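Structure first, commentary second.
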Amino acid sequence: MLKVLLFNFLFLLHPVHVSLTTVSQKADSDTMEIFFRMYYDDFLRDFSLYAPEFKIRKSTNDNSAIPREMLNNYFNDRVRVYINHKLLSGQLTDFSVDSYEIHMKIVYHSVGKPRVFKIRNQILTGIYKDQANMVYLKINRYENALRLTVDEDEKSISLK
């Protein structure tokens, strides 16, 4: 009994390394929206690998501390979205930072009806061996959840 309690207590002390991505697209639209969030301290570690020359104050809640274009480029570098085998480029439309998390909204435009969706997410995979990047899809009437890891950082889904 003591071993079980000790194990559960140690598990609570271990930090969670996860990001959440929600992908949504309505049936009549060529616009795909991605809502992304992760812990801000994890973001700072990963962003410092992406742009080591750029220094961000760790305790900031100021959205102007990170240039929008750099944040957009960081996300497009770390997260690759493909529709029908074509790489799309996202445009950051909104982001916010609070004490604990960073939230981003990225918009993608695709041509034609999505038949195949592929995503590669390498956020924090170079830092944490237990990183999990959760992806929730809602494209047209298709819904699914994906778990991307260090060993499997991309998945492809047929939307037919």
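Restricting segment 142-151 to residues that are surrounded by 12 or more Cβ atoms within 10 Å (Cβ to Cβ) and not hydroxyl-bearing (Ser, Thr, Tyr), the residue that is farthest from residue 117 (Cα to Cα) is 150.
Within segment 95-145, being more than 11 Å from the chain's Cα centre (by Cα) and small (Gly, Ala, Ser) holds for 96, 99, 110, 112, 126, 145. Filtering segment 63-73 for residues that are under 19 Å from residue 144 (Cα atoms) and either out of contact with any Lys or Arg (no Cβ under 9 Å at 6 or more places or on another chain) or surrounded by 17 or more Cβ atoms within 10 Å (Cβ to Cβ) (or both) leaves an empty set.
Do we have residue 130 as modelled with pLDDT under 95, acidic (Asp, Glu) and either surrounded by fewer than 16 Cβ atoms within 10 Å (Cβ to Cβ) or out of contact with any Ser or Thr (no Cβ under 9 Å at 6 or more places or on another chain) (or both) here?
Answer is yes for this residue.
All of 139, 157 fail the test of being touching a Pro at 6+ places or on another chain (Cβ under 9 Å), surrounded by 13 or more Cβ atoms within 10 Å (Cβ to Cβ) and either modelled with pLDDT under 95 or aromatic (Phe, Trp, Tyr) (or both), apart from 139. For segment 89-124, the tally of residues that are hydrophobic (A, V, I, L, M, F, W, C), farther than 21 Å from residue 40 by Cα and at pLDDT below 95 stands at 3.
Comparison of 46, 94 shows that the only residue that is among the acidic types (Asp, Glu) and without any contact (Cβ under 8 Å) to a residue 24 or more places away in the chain is 94.
The values are calculated or read from the model by the stated rules, or taken from the named source; none is laboratory data. The structure presented is a predicted model; accordingly, all values stated were derived computationally and were not measured. Note: ideal-geometry Cβ built from the backbone for every residue, glycine included; neighbour counts use all protein chains shown.
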